[in-house]
């Protein structure tokens, strides 16, 4: 009678090796997917940053600006542009947004949801005011910038922009043509930078 145990043992060993190879291959595929997702997020974040800051000589991100009363206000971005300092308040809101300059609250309609949030122009004016208090001759203006997930069917209120329009509002060509900001602006920007400190409020804000 032929002893088939060696053949059986060989097949079992081959099965174990095959299973091990499959496990390794699946692990490598999972690792590659994680790396690819990380790369895509990193590339998207870099593109977003370039879109926001492309027209600026310099910028600050996620900083606290003193309010002159012992407190401070969070600012998402401060840009030093050819037109002066620009305060950027980012809003990541999905859906149809209905708002106006004289409205206390703005309304969002997204799928089956409907909710309101405070008019962001008010907080923008506060942020512009505390920045202006830090400088004398450097012009300061501001924009509330909304992510592409939202849209304004009735038109954009004052001082609001969609993210896709920000680069056109403060173009890199304008910065290149200016070459560099005036010395007085540069000195005041340096003083503003020194007055700011890092903010821990770095996550995208919900409707507030």
Among the residues listed as 49, 11, 32, the single one being part of a helix (DSSP H, G or I), over 24 Å from the mean Cα position of the chain (by Cα) and at pLDDT 70 or above: 32
Close pairs from the range 83-96: first at negative phi, partner part of a loop (DSSP other than H, G, I, E, B), Cβ under 6 Å, at least 6 apart: 85/138; 92/147; 92/204; 93/207; 94/149; 96/153
Residue within the range 135-147 that is free of Cβ contacts under 8 Å to residues at least 12 places away in the same chain and either at negative phi or touching a strand residue (DSSP E or B) at 6+ places or on another chain (Cβ under 9 Å) (or both) present: no
Flag for residue 99 being surrounded by 13 or more Cβ atoms within 10 Å (Cβ to Cβ) and farther than 19 Å from residue 73 by Cβ: yes
Residue among 167, 129 that alone is in the same structural domain as residue 95 (by TED's automatic domain parsing) and modelled with pLDDT of 95 or more: 129
Hits in the range 144-160 (condition: under 14 Å from the mean Cα position of the chain (by Cα) and surrounded by 14 or more Cβ atoms within 10 Å (Cβ to Cβ)): 144, 145, 146, 147
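The values are calculated or read from the model by the stated rules, or taken from the named source; none is laboratory data. Treat the numbers as computed from the prediction; the structure is a model and nothing was measured. Cβ sites come from the backbone with ideal geometry, for glycine too, and all protein chains shown count toward neighbours.
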